[in-house]
Amino acid sequence: MRTLTLLQGRPLGYGALVTPQGINFSIFSKDATKVSLCFFDSPSAPEPFATLDFDPAVNRTGHVWHALVPEAKAGDLYLYRIDGPYDVERGLRFDYSRYLLDPYAKCYSEGSVYRAYAESSTRGLDSMYIKGRTPMKAHLFPKCVVIDDQEFDWEGDKPINRPLEQSIIYETHVKGFTANKNSGVQHPGTYKGFAEKIDYLKDLGVTAVEFLPIQEFDENENGNTNPKSGDRLTNYWGYSTIGFFAPKNTYAADRSPGGPVREFKQMVKELHKAGIEVILDVVYNHTSEGNERGYTFEFKGIQNDQYYILPPDKQYYMNYSGCGNTFNCNQPNTMNFIVESLRYWVQEMHVDGFRFDLASILCRDQWGQINGFPPLTNFISVDPILANTKIIAEPWDAGGGYQVGYFPGGRWSEWNDRFRDDIRRFVRGDEFTSTAAATRMSGSSDLYFHNGKMPYNSINYVACHDGFTMNDVVSYNGKHNDENGECNRDGSDNNNSYNHGFEGECTNAKIENLRKQQLKNFIAILMLSQGTPMLLGGDEFRRTQNGNNNAYCQDNETSWFDWSLAQKNAELLNFTRAMIRLRKEHPTFSRKEFFGESAEEKKRGVDVVWYDFDGRMPDWSKLNRFLACVIYGREFDKDFYIGANTDTHDMNLILPTPESGRLWARVVDTSFPAGEEVAEPGKEELLQIQNRYVIPANSFVVLMAVPRT
């Protein structure tokens, strides 16, 4: 058995830091009276082989407990036990009988907090607190792993730092991308398996992947069962973080101590080689410890009253996240923790950006009120380490905070749900939605211009993980979440979808052809609108969740990519690939500034003109189910005519005359047969009649002004 000794150590930095003298351990706890460091010889060990008690006179500086263990090394497994006052009315919940995870741990072993508590029949502190109780067995409890980040060879890799206006984001799930048997990879459902599919993403043309949460979480948190199959459901999406510095252990093929860290880094390195950036969906708005009836395994047992927003009666928790608690993001110690976590992922894991879940919580003060100038979001915006990263807010929360268009903090971009809703209604054919659609396709200046932001700060999307897939938007009138174990009460009822005559999958050729055309319309509008497009992974080949619009608990074929659809729906896949290429080739569709706002454009004159179907200027109060404009590329690009007919009747358009010496040529027409909807570069078809064009019902058209030959 190894003998470990405890020396003084240093207070900073937090976590387990590899030094030439050994491993330095450091943890913040203001009101702790006793801190013990427990070492385990295996992930399934029920008890520590060594417990080292910190001496407050030697191993404490201010509110930081610290120690150097010379004999410890990378790969060692450890947990904490911390004692102090248990006084819920003061918001203090110390309990020396609990094993605690190190919030700064960079990796965790296999295990489950929830399974460990379930086996010990231990409930929350409110119902079963016994001072001084011996700790529960730890064989099911995950252990923190000491990591040496210097072991990995990055081979000169650095974050790509591609300008946001040049980005095309692909939102996906690391596991679900390759978990299906037909994914064709050797390591399905893992970081390694994802890396095996990089060529697919490169060929598709996307420039960044945005991963659903990969920071360590416990999928066993969900206690519901599938009412149809009886199978236990899970937390598949992962929006309930345990380890904010650690990649998810079970997403690694190599689950040995430190294996998930190495495998994640290798995946990032391979994605960068392909020119693809990595954006992480991060959850700093709450933790997985729940409310006053939840479990204590981390922040509650370290310094509950500082890490969480508590009401005046501090035995309870404010719940702006809808998940039981709310992280006290603008409290200095918590804010420092969040920023250090972000810096770690950029410096050591080489990620290129972050999407912040329920980001309005990041703006709430210690009383839960939204601050107009929140310290955290401003700090993130100007932090020198994060200066070149993409920072994207989901600008709302479950407590009523809604900040689309005015999320505070400077350079933040935002998920634009107004784009999603307005474009869905327009393509569906809702009356008098053309004006709203024109605003969204122009970059949503009504939301972002007043705030000093640019079109690319609008992250445009038609579908995302939260809601219907794009295929299901055109295939279902209502949600079908019957297998989520919540009696179909979960998930949004505001989907702006339309099944086109039949609910779900059908064999009617007319309906299916119309659905395909509507999907092409969505893809075309998404890729040619001003702003930064985000495509939900699998939408390019009609991935379906069978009408489930809240598949957070479905770690199965409902959520996993069915790669047979890539062949079955190659028509849409090829169309998507062509539309991405068109966007990349023409800067007209990815402008840095709003129409008419740059000094150069003001000198040159108008850069966009809108039209009704009869070639006249539109009456925006009456414009209905049609939209058209000419975007002038000037000396930087070609001129383009864009038209959309969302009516059920064909329209005979009167086309404006292109600039002198040019003719209109067809680039895109979603009504054309498969493979002919998008012309190859240099093979655009000149219109035989230059002043008219028939645009069929439910179609989207792009014409390009080309020189006379």
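The values are calculated or read from the model by the stated rules, or taken from the named source; none is laboratory data. From a predicted model like this one, the values you see are computed outputs, not experimental measurements. Cβ coordinates were reconstructed from backbone atoms using ideal geometry, including for glycine residues, and neighbour counts include every protein chain displayed. Surface areas here come from the heavy atoms of the whole protein model, side chains and all, with no ligands, DNA or RNA. Shrake-Rupley method; radii C 1.70, N 1.55, O 1.52, S 1.80 Å.
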Hits in region 329-345 - residues which are assigned to a helix (DSSP H, G or I), closer than 17 Å to I392 by Cα and touching a strand residue (DSSP E or B) at 6+ places or on another chain (Cβ under 9 Å): I338, S341, L342, W345
Test: residue in region 216-230 that is more than 30 Å from L79 (Cα to Cα), surrounded by 15 or more Cβ atoms within 10 Å (Cβ to Cβ) and of a type in the set (S, T, Y): no
Which numbered condition K592 misses (of (1) in contact with a helix residue (DSSP H, G or I) (Cβ under 6 Å, 6 or more places away or on another chain); (2) basic (K, R); (3) crowded, with 23+ Cβ neighbours inside 10 Å): (3)
Condition check for S497: of a type in the set (S, T, Y), open to solvent by less than 20 Å² (accessible area, probe 1.4 Å) and touching a strand residue (DSSP E or B) at 6+ places or on another chain (Cβ under 9 Å): no
Condition met for G615 (open to solvent by less than 60 Å² (accessible area, probe 1.4 Å), free of Cβ contacts under 8 Å to residues at least 24 places away in the same chain, over 25 Å from the mean Cα position of the chain (by Cα) and farther than 26 Å from I279 by Cβ): no
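Matching residues to (1) touching a Ser or Thr at 6+ places or on another chain (Cβ under 7 Å); (2) within 19 Å of D607 (Cα to Cα):
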{"site": "Y641", "(1), (2)": "no, yes"}
{"site": "L663", "(1), (2)": "no, yes"}
{"site": "D669", "(1), (2)": "yes, no"}
{"site": "P673", "(1), (2)": "no, no"}
{"site": "L687", "(1), (2)": "no, no"}
{"site": "Q690", "(1), (2)": "no, no"}
{"site": "Y693", "(1), (2)": "no, no"}
{"site": "A705", "(1), (2)": "no, yes"}
A105 vs. criteria modelled with pLDDT of 95 or more, under 18 Å from F245 (Cβ atoms) and surrounded by 15 or more Cβ atoms within 10 Å (Cβ to Cβ): yes
Filter pass, Y239 being among the hydroxyl-bearing types (S, T, Y), open to solvent by 10 Å² or more (accessible area, probe 1.4 Å) and in contact (Cβ under 8 Å) with a residue 12 or more places away in the chain: yes
Region 400-455, residues that are in a helix (DSSP H, G or I) and touching an Asp or Glu at 6+ places or on another chain (Cβ under 6 Å): A436, A437, T439, R440
Qualifying residue in region 99-110 (condition: farther than 16 Å from V145 by Cβ and either in contact with a Cys (Cβ under 6 Å, 6 or more places away or on another chain) or of a type in the set (G, A, S) (or both)): no
Among the candidates K202, K158, residue that is open to solvent by 20 Å² or more (accessible area, probe 1.4 Å), within 22 Å of M349 (Cβ to Cβ) and not in a loop (DSSP other than H, G, I, E, B): K202
Subset tally (residues that are surrounded by 15 or more Cβ atoms within 10 Å (Cβ to Cβ), within 26 Å of D430 (Cα to Cα), under 24 Å from the mean Cα position of the chain (by Cα) and of a type in the set (S, T, Y)) for region 450-494: 3
L663 being under 18 Å from I631 (Cα atoms) and either under 43 Å from the mean Cα position of the chain (by Cα) or surrounded by 15 or more Cβ atoms within 10 Å (Cβ to Cβ) (or both): yes
Subset of region 374-407 [among the hydrophobic types (A, V, I, L, M, F, W, C) and more than 18 Å from the chain's Cα centre (by Cα)]: L376, F379, V382, I385, A387
Filter result (in contact (Cβ under 8 Å) with a residue 60 or more places away in the chain, part of a helix (DSSP H, G or I) and within 16 Å of Y251 (Cβ to Cβ)) within region 181-197: S183, Y191, K192, G193, F194, A195
Qualifying residue in region 262-275 (condition: part of a loop (DSSP other than H, G, I, E, B), open to solvent by less than 50 Å² (accessible area, probe 1.4 Å) and at pLDDT 95 or above): yes
